[in-house]
Amino acid sequence: MSMMYLKPAIYKEEWTDEKLELEDIKDIVAVHYRIKSTDIDGKSRKTEIRRPRQVFHFLACRNTKATLSDIGRSTGKDHATVIHSRKTIYNDMAYDNKLCYDLDRLQDGVDARLGKALRPRYFDNHRSTNLSLEEINAIKDDLDNFVPIEEILEKYNTTHRAIYNIKQI
């Protein structure tokens, strides 16, 4: 099964019964991306601000029972922006390995804030124990060298066409 089909399935919608404020998630995201939490509330469309805002919307939907309007109001946006942010993050997870890694780290921060034990997700979704540091580093190296299947097929088809044309001559 291809990686692009596994990532969104792992990040299914879930929420917790524990009390978690939107400001807590905003602080976790701001610290991770090294920006001010007030930047998330701003109107900037720069990628270094827009992406953390989208990640905040995604995590807030996933970890709180707040309505889309409440989440949007916390950043000065409306519910439609929150929906768009959530869809954008889901779509980008299909090909952006760094985003998946960031989401894992941020979810660990949210879980720690709630006092939950850290649970395996993207890098270790099939075992009940966490991976060792060496295993995680090996997987990160593999992900950095990940080549989409479309690229492999395109190279194969180009090579195959060239060989076929040579045989024709």
Tally the residues that are among the polar types (S, T, N, Q), farther than 17 Å from Lys26 by Cβ and touching a helix residue (DSSP H, G or I) at 6+ places or on another chain (Cβ under 7 Å), restricting the search to the stretch 62-112. 2
Examine the stretch 27-39 for a residue that is assigned to a helix (DSSP H, G or I), of a type in the set (Phe, Trp, Tyr) and modelled with pLDDT under 90, and state whether such a residue exists. no
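The values are calculated or read from the model by the stated rules, or taken from the named source; none is laboratory data. Since this is a predicted model, take the numbers as computed values, not measurements. So basically every Cβ, Gly included, is an ideal-geometry build from the backbone, and we count neighbours across all protein chains shown.
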